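Written out below as structure tokens is the structure these notes cover.
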Amino acid sequence: DTVNLVDVRLKIKNPDDDQEHGFFGLNQLNAARWAQPITYLDIYECNSFTMCIFCFPTSSVIPFHDHPRMTVFSKVLYGSLHLKAYDWVRQSKKAREKDIQV
């Protein structure tokens, strides 16, 4: 819980400089800002785990994806994040038995 930007040698150039690129402040004339890539910083990797940092530009989106047989721990170091997570729906034993009888 105590890890912050300084611990991973990152700093915010100007925390007040959103330049109206948030979700509700779309600046149609500055579309190049929206095309900034998501960057990846590798912190540590071994056979048991990988520790890394993803730097997301304002209002960026990543595709729906899965991490099979993995546990993912996340921490937002700066800004905010909206996350949608889903679990597979498991059919109840009663519903499975009904399907077999059909």
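The values are calculated or read from the model by the stated rules, or taken from the named source; none is laboratory data. Just so we're clear, the structure is a prediction, and the values are computed from it rather than from any experiment. For neighbour counting, all protein chains shown are included, and Cβ atoms are generated from backbone atoms with ideal geometry for every residue, glycine included. The protein model used for the area step is the full one, side chains on, heavy atoms only, and it has no ligands, DNA or RNA in it. Shrake-Rupley method; radii C 1.70, N 1.55, O 1.52, S 1.80 Å.
Below is a table of values for the structure above.
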| read-out | value |
| --- | --- |
| Hits in the range 42-79 (condition: of a type in the set (Lys, Arg) and under 22 Å from VAL8 (Cα atoms)) | LYS75 |
| Residue list for the range 41-50, restricted to those being open to solvent by 100 Å² or more (accessible area, probe 1.4 Å) and in contact with a strand residue (DSSP E or B) (Cβ under 6 Å, 6 or more places away or on another chain) | TYR44 |
| Single condition LYS98 does not satisfy, out of (1) among the basic types (Lys, Arg); (2) surrounded by 10 or more Cβ atoms within 10 Å (Cβ to Cβ); (3) modelled with pLDDT of 80 or more | (3) |
| Selection within the range 33-65 - in a loop (DSSP other than H, G, I, E, B) and under 17 Å from HIS82 (Cα atoms) | ILE38, PHE56, PRO57, THR58, SER59, SER60, VAL61, ILE62, PRO63, PHE64, HIS65 |
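Condition check ((1) under 21 Å from THR39 (Cα atoms); (2) of a type in the set (A, V, I, L, M); (3) loosely packed, with under 10 Cβ neighbours inside 10 Å) across all residues:
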{"site": "PRO57", "(1), (2), (3)": "yes, no, no"}
{"site": "ILE62", "(1), (2), (3)": "yes, yes, yes"}
{"site": "PRO68", "(1), (2), (3)": "no, no, yes"}
{"site": "SER74", "(1), (2), (3)": "yes, no, yes"}
{"site": "GLY79", "(1), (2), (3)": "yes, no, no"}
{"site": "LEU83", "(1), (2), (3)": "yes, yes, yes"}
{"site": "ASP87", "(1), (2), (3)": "no, no, yes"}
{"site": "ARG90", "(1), (2), (3)": "no, no, yes"}
{"site": "LYS93", "(1), (2), (3)": "no, no, yes"}
